[in-house]
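S.K.: Structure in structure tokens, see below.
No value in this document is a laboratory result; all are computed from the given coordinates. Everything numeric in this text was worked out from a predicted model, so none of it was measured. Positions of Cβ are backbone-derived with ideal geometry, glycine not excepted, and every protein chain shown enters the neighbour counts.
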Amino acid sequence: MQDAPHPHQLLEAVVRYLRDDALPALTRHGEGALAYQARVAANMLDIARRELLAAPVDEPAERARLQALVGTADDPPGGADLAALNRRLAEAIAAGRVGTDTPGLAEHLWATTLAKLAVDQPGYETYRRLTGA
Amino acid sequence: MNDTLAAGLAAVLSGDGPAVQVGAVKRLSGGASQETWAFEARAADGAARPLILRRAPPGAEHRGSGNVGLDGEAAILRLAGAAGVPVPEVVAGLRPEHGLGQGFVMNRLAGETLGRRVAAAHRPQLAYQCGQALARIHALPLDRLPPLRRTQPRAEVEHLRAQHAGMGAARPVFQLALRWLADHAPADTAPALVHGDFRNGNLMCDLDAAGGALIGVLDWELAHVGDPMADLGWLCCNSWRFGQSQRPVGGFGFDTELFAGYRDAGGTPDPARVRWWQVLGTLRWGVICESMGHAWLSGAEPVMEKAAIGRRASENEIDLLDLLLPRAAAAQPAGGPR
């Protein structure tokens with residue numbers, strides 16, 4: 001096992017450096033375009049940091065919901081892998097085999113999408129409005 | 001570079017008349033195939049005029065096929081301006097002998113285009129004037145327009161389906177939207193000129209005017225011929241409300257204001273079609289975000305920000321669910337500590 005600081009903490013440290021040191025310095029030196037890039041870079045590392053923390057909880061939950069929606073008897077005992085299950089659900093929706101009236105679909109899509117936003121774009125207005133975040 | 005451009009622009013603007021001086025040349029934006037420059041032209045009488053050059057530099061004239069092209073854009077701007085649509089006035093067209101590539105010079109309007117600022121308040125007059133401008137655009141005679149891509153609702157769904165499939169990522173929410181769009185596609189309609197990117201961010205606005213005012217409709221490169229309601233739906237997409245989702249029209253206005261302006265300028269709004277196009281537009285922006293991420297993943301565009309935008313496709317997934325499977329109160333999301 002590796003020692004602390006752990007990956008999400010290393011990312012947090014770099015995010016702080018970019019936001020608190022690099023960005024203001026670049027702005028002071030009139031490097032507006034580079035300052036903007038530093039902001040984007042910090043946001044990207046923040047996504048990675050949140051994903052590292054959330055994935056161990058989000059992914060098994062998503063997989064269990066998918067298995068219930070589109071799992072088959074041929075799947076291995078622990079269930080099919082997440083990417084394969086998502087492909088299967090996408091194809092089933094496209095073909096009309098699964099739709100808005102399928103029990104569990106709305107709940108699954110909402111839970112999955114909210115979990116995505118919590119990692120990708122927690123500041124997005126629709127997400128904040130719907131979760132009260 | 002700027003000196004060559006200034007000399008060329010001076011030749012374009014002087015023509016056979018008295019010499020015009022060109023200065024303050026500054027690149028505003030653009031990729032490899034299309035550039036936008038700001039500059040000032042000083043006539044013999046000393047009056048300075050702020051102008052914009054839109055051009056494809058020599059050698060890049062025919063890239064970006066499928067879009068209108070700069071000559072087409074200039075022709076549409078002239079027609080739209082003559083029909084009472086607020087647009088920058090086209091001052092001169094580039095010709096091969098100028099050696100500046102393809103493009104045109106237009107008036108530089110003064111106002112606000114930043115979406116967040118435009119959406120910062122309720123601007124009923126701006127929404128009304130957007131309706132008026134759209135009705136006038138949609139009434140332009142098609143036989144006078146340059147050659148344009150033609151499309152209809154169902155064809156746009158299939159176009160998006162293919163574009164999304166080409167990226168190879170499975171997105172159940174996008175498939176749900178594609179299914180809904182196909183199941184609810186309106187019938188083909190009498191074709192009209194569609195601006196194609198009429199949204200907050202492409203509108204030059206006067207925010208000091210009471211209720212806001214529309215000064216210029218910009219960015220015509222996605223103009224095409226199709227269902228005019230596409231423009232109204234795109235303007236209402238949540239992506240262009242800049243956090244002000246309570247005001248559906250670009251974050252600054254309401255449907256009633258937009259539709260009133262549209263009606264008063266001779267148009268007939270069709271709210272059901274507008275809503276359908278709003279769903280399509282939300283999916284469209286999602287597929288565009290996804291394609292930018294894909295451009296990074298494939299190595300085609302190794303630009304950091306493209307990778308970041310790829311992770312914004314989920315914003316459109318939540319907006320699509322909000323449109324198609326709305327839920328009043330959502331539970332806290334699954335997941336661990338943030």
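S.K.: Could you grab me the full set of residues in the stretch A:90-125 that are under 20 Å from B:His164 (Cβ atoms) and either in a loop (DSSP other than H, G, I, E, B) or small (Gly, Ala, Ser) (or both)?
M.R.: A:Ala90, A:Ala92, A:Ala94, A:Ala95, A:Gly96, A:Arg97, A:Val98, A:Gly99, A:Thr100, A:Gln121
S.K.: Which ranges mark the strands (runs of 3 or more DSSP E) fully within the stretch B:174-291 that have 3 or more residues being in contact (Cβ under 8 Å) with a residue 60 or more places away in the chain, more than 14 Å from every other protein chain (Cβ to nearest Cβ) and under 23 Å from B:Gln125 (Cβ atoms)?
M.R.: Where strands (runs of 3 or more DSSP E) fall fully within the stretch B:174-291 and carry at least 3 residues being in contact (Cβ under 8 Å) with a residue 60 or more places away in the chain, more than 14 Å from every other protein chain (Cβ to nearest Cβ) and under 23 Å from B:Gln125 (Cβ atoms), they are B:203-206, B:213-217.
S.K.: Out of A:Tyr36, A:Tyr17, I need the residue that is surrounded by fewer than 18 Cβ atoms within 10 Å (Cβ to Cβ), aromatic (Phe, Trp, Tyr), away from chain B (no Cβ under 11 Å) and in a helix (DSSP H, G or I). Which one?
M.R.: Result: A:Tyr17 is the single residue among A:Tyr36, A:Tyr17 that is surrounded by fewer than 18 Cβ atoms within 10 Å (Cβ to Cβ), aromatic (Phe, Trp, Tyr), away from chain B (no Cβ under 11 Å) and in a helix (DSSP H, G or I).
Residue-wise test of (1) in contact (Cβ under 8 Å) with a residue 24 or more places away in the chain; (2) out of contact with any Ser or Thr (no Cβ under 6 Å at 6 or more places or on another chain); (3) within 11 Å of chain B (Cβ to nearest Cβ).
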site: A:Ala80; (1), (2), (3): no, yes, no
site: A:Ala95; (1), (2), (3): no, yes, yes
site: A:Pro103; (1), (2), (3): no, yes, no
site: A:Trp110; (1), (2), (3): no, yes, yes
site: A:Ala118; (1), (2), (3): yes, yes, yes
site: A:Tyr124; (1), (2), (3): no, yes, yes
site: A:Thr131; (1), (2), (3): no, yes, yes
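S.K.: Specify the residue that is surrounded by the most Cβ atoms within 10 Å (Cβ to Cβ); the eligible residues are those in the stretch B:71-87 that are closer than 18 Å to B:Gln34 by Cα and of a type in the set (D, E, K, R).
M.R.: B:Glu73
S.K.: For A:Ala42, are the conditions met, namely being within 10 Å of chain B (Cβ to nearest Cβ), closer than 20 Å to A:Lys116 by Cα and buried (at least 18 other Cβ atoms within 10 Å of the Cβ)?
M.R.: no
S.K.: Being of a type outside the set (S, T, N, Q) and closer than 22 Å to B:Leu148 by Cβ narrows it down to one of B:Gly251, B:Gly168, B:Gly226, so name that one.
M.R.: Unique residue meeting the criteria: B:Gly226.
S.K.: Please state which one of B:Ala139, B:Ala165 is of a type in the set (Gly, Ala, Ser), surrounded by fewer than 22 Cβ atoms within 10 Å (Cβ to Cβ) and over 20 Å from B:Arg78 (Cβ atoms).
M.R.: Selected residue: B:Ala165, the only one of B:Ala139, B:Ala165 that is of a type in the set (Gly, Ala, Ser), surrounded by fewer than 22 Cβ atoms within 10 Å (Cβ to Cβ) and over 20 Å from B:Arg78 (Cβ atoms).
S.K.: State whether the residues of the stretch A:61-78 include one that is surrounded by fewer than 16 Cβ atoms within 10 Å (Cβ to Cβ), at the interface with chain B (Cβ under 10 Å from one of its Cβ atoms) and outside any loop (DSSP other than H, G, I, E, B).
M.R.: yes
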